[in-house]
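To keep things clear, I will list the structure first and then write my remarks on it.
Read-outs: derived from the displayed coordinates by stated rules, not from any lab. Being a predicted model, the structure only gives us computed values, none of them experimental. Here the Cβ positions follow ideal geometry from the backbone for every residue, glycine too, while neighbour counts run over all protein chains shown.
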Amino acid sequence: MKIKLFGLIGYPLEHSFSESYFKEKFIREGIENCIYKNFEVSLLEDFIDKVRSNNPQNNYNELEGFNVTMPFKEEIIPYLDFLDKEAKEIGAVNVVRIEINKNKKILKGFNTDAFGFEKSLLENLGNKNIMALILGSGGASKAVCFTLKKLNIPYKILTRKTLLFDNEINYSSLTPTLIETHSLIINTTPLGMLPNLMQMPEIDIEYITNKHIVFDLIYNPEETMLLKMAKTKGAKTINGFDMLCYQAEQSWSIWNAR
C-alpha cells in the first residue's frame with residue numbers, strides 16, 4: 001500500500017499540536033497508509049525546491065499536501081501554481097495540496113483558517129451586533145478579517161506595521177474607549193504561545209469587562225496570559241483549539257478531494 005505523506009511547515013514548531021492531532025486521527029479512524037510530520041523550515045525556497053524535485057532520492061516524493069503556519073502563510077503564495085478564490089481574497093494560505101500532471105508537481109493553495117475561525121466563533125457568539133478589535137495584522141489576522149467581513153461584524157486592526165487602511169490603528173492610538181466599545185477582542189499574534197508563556201499583547205486589561213469576549217487563536221498553552229487576565233475581569237474567553245480542529249478536518253477534505 002502506497003504511503004501518503006502530509007505535514008506542517010513553519011518555524012518554530014515546538015508549540016504545534018497538528019502532528020499529534022493527525023496521528024490520533026489516523027489511529028482513531030483506522031487510516032493505515034498515512035503519515036503526518038512536522039517540517040521545521042527556515043528557508044521556504046529550499047523546501048519548495050525539494051518538494052518540486054523528481055529526484056528518486058527525494059524525501060518529499062510521497063508528500064501529497066501540507067499545512068502552513070507562521071511565518072509562511074503569506075510568503076508561500078508566490079511559490080504556488082494555483083490559488084483558491086477564498087485564499088486569494090484573504091491573501092494568506094495555510095493548506096497546500098500537491099497534484100501531479102505529466103510528471104510535474106502542481107502546488108495548489110487554500111485557506112481553512114477562515115473556516116475554522118468562523119465555526120468556532122459562531123459556537124460562542126450569541127450577539128453579532130458587536131464590534132471587534134483584532135490584535136495583529138499577519139496571515140492569521142487576514143483570515144479573521146475575511147470572516148468578520150462575511151459576518152458583517154465591524155472591526156479595527158491593531159498593528160505595529162505601517163498603517164495601510166482606515167480601519168488600522170497603532171498601539172499608541174489604542175484608547176480605553178476603543179477597548180470598551182469593541183467587545184470582541186481577537187488575538188492573532190504569537191504573544192503568549194509556548195514557550196513564552198508570560199507574554200501578552202499590549203492591551204490594558206483594566207478596560208475589559210464581563211461584556212467582552214476575548215478569543216485567542218493560540219491553543220498551546222490552553223489558557224494564555226491574555227485569557228487568564230481577561231477572565232479575571234469577567235470576560236468570556238475562547239482559545240484556538242476548536243479552530244485548529246475545524247481547520248485541520250477541512251485540510252484533510254481538501255487533500256482527499258481527488
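Rank these for me by crowding, LEU121, LEU5, going from fewest to most other beta carbons within 10 Å.
LEU5, LEU121
With r as the distance between the Cβ atoms of ASN210 and ILE100 and R0 = 41 Å, compute the FRET efficiency 1/(1 + (r/R0)^6) and round to 0.05.
According to the calculation, E is roughly 0.15.
Can you tell me which lysines have their Cα less than 20 Å from the Cα of LYS161? Leave out same-chain residues fewer than eight positions away.
LYS73, LYS142
Going through the stretch 154-258, which GluC sites (Glu not before Pro) have at most 13 other Cβ atoms within 10 Å and a DSSP loop state?
GLU202, GLU222
Show me the GluC sites (Glu not before Pro) within the stretch 17-59 that DSSP assigns to loop and that have at most 15 other Cβ atoms within 10 Å of their Cβ.
GLU29, GLU32
Using only the Cα atoms of the stretch 113-243, build the gyration tensor, take square roots of its eigenvalues as a ≥ b ≥ c, and label the shape rounded, prolate or oblate: rounded if a/c is under 1.5, else prolate if a/b is larger than b/c, else oblate.
Judged from the Cα gyration tensor, the stretch 113-243 comes out rounded (a/c under 1.5).
Can you run phi through the Karplus equation (6.51, -1.76, 1.60; θ = phi - 60°) for the stretch 110-126 and list ³J(HN,Hα) in whole Hz, with x for Gly and Pro?
9, 10, 10, 4, 4, 4, x, 5, 4, 5, 5, 4, 5, 5, 10, 10, x
How high is the relative contact order of the stretch 4-111, in percent, counting Cα pairs under 8 Å that sit 6 or more residues apart?
For the stretch 4-111, the relative contact order is 27 percent.
Whose amide H sits under 5 Å from the amide H of ASN38, counting only residues 5 or more places off or on another chain, with H placed in the peptide plane?
Counting only residues 5 or more places away or on other chains, the set is LEU8.
What is the dipole size for the chain, taken about its Cα centre, with +1 at each Lys and Arg Cβ and -1 at each Asp and Glu Cβ, in debye to the nearest 20?
Rounded to the nearest 20 debye, it is 560 debye.
Please report the relative contact order for the chain, taking Cα pairs under 8 Å with a sequence separation of at least 6, and give it as a percent rounded to a whole number.
15 percent
Mind putting a number on the dipole of the stretch 186-258 about its Cα centre? Charges go on the C-beta only, +1 for Lys and Arg and -1 for Asp and Glu, and I need it in Debye to the nearest 20.
The calculation lands at about 160 debye.
Figure the gain on full extension for LEU178 and SER53 (residue separation times 0.36 nm, minus the Cα-Cα span) and round it to one decimal in nm.
Result: 39.9 nm gained on full extension.
Where Lys and Arg each count +1 and Asp and Glu each count -1, what net charge lies around LEU43 among other residues with Cβ under 12 Å from its Cβ?
Here the count lands on -4.
Using the beta-carbon distance between ARG28 and THR162 and R0 = 41 Å, what value does 1/(1 + (r/R0)^6) give for FRET efficiency, to the nearest 0.05?
So, using R0 = 41 Å, E works out to roughly 0.35.
Which ordering of ARG28, ARG52 is given by a fewest-first count of other beta-carbon atoms within 10 Å?
ARG28, ARG52
Quick check: net charge around TYR60, other residues with Cβ under 11 Å of its Cβ, Lys/Arg +1 and Asp/Glu -1?
+1
Using a Gaussian network model of the chain with C-alpha springs under 10 Å, which one of ASP204, ASP113, ASP166 is most mobile by mean-square fluctuation?
Highest fluctuation of the listed residues: ASP166.
For the stretch 105-208, which trypsin sites (Lys or Arg not before Pro) are both in a DSSP coil and crowded by at most 15 other Cβ atoms within 10 Å?
Of the trypsin sites (Lys or Arg not before Pro), the ones in loops of the stretch 105-208 whose Cβ has at most 15 other Cβ atoms within 10 Å are LYS128, ARG160, LYS161.
Taking DSSP loops as anything outside H, G, I, E and B, show the longest stretch in the chain free of chymotrypsin sites (Phe, Trp or Tyr not before Pro) there with at most 16 other beta carbons within 10 Å.
Result, exposed sites excluded: 18-164.
Return MET193, MET243, MET1, MET198 ranked ascending by Cβ neighbour count within 10 Å, so the fewest neighbours appear first.
MET1, MET198, MET193, MET243
Which far-off residues, 5 or more places away or on another chain, put their amide H under 5 Å from the one on ILE157, with H placed in the peptide plane?
For ILE157, the qualifying residues are ILE134, GLU168, ILE169.
Looking at the stretch 100-258, what % of its DSSP beta bridges pair antiparallel, to the nearest 5?
Of the beta bridges lying entirely in the stretch 100-258, close to 10 percent run antiparallel.
Give me the percent relative contact order of the stretch 195-247, please, defined on Cα pairs under 8 angstrom at least 6 residues apart.
40 percent
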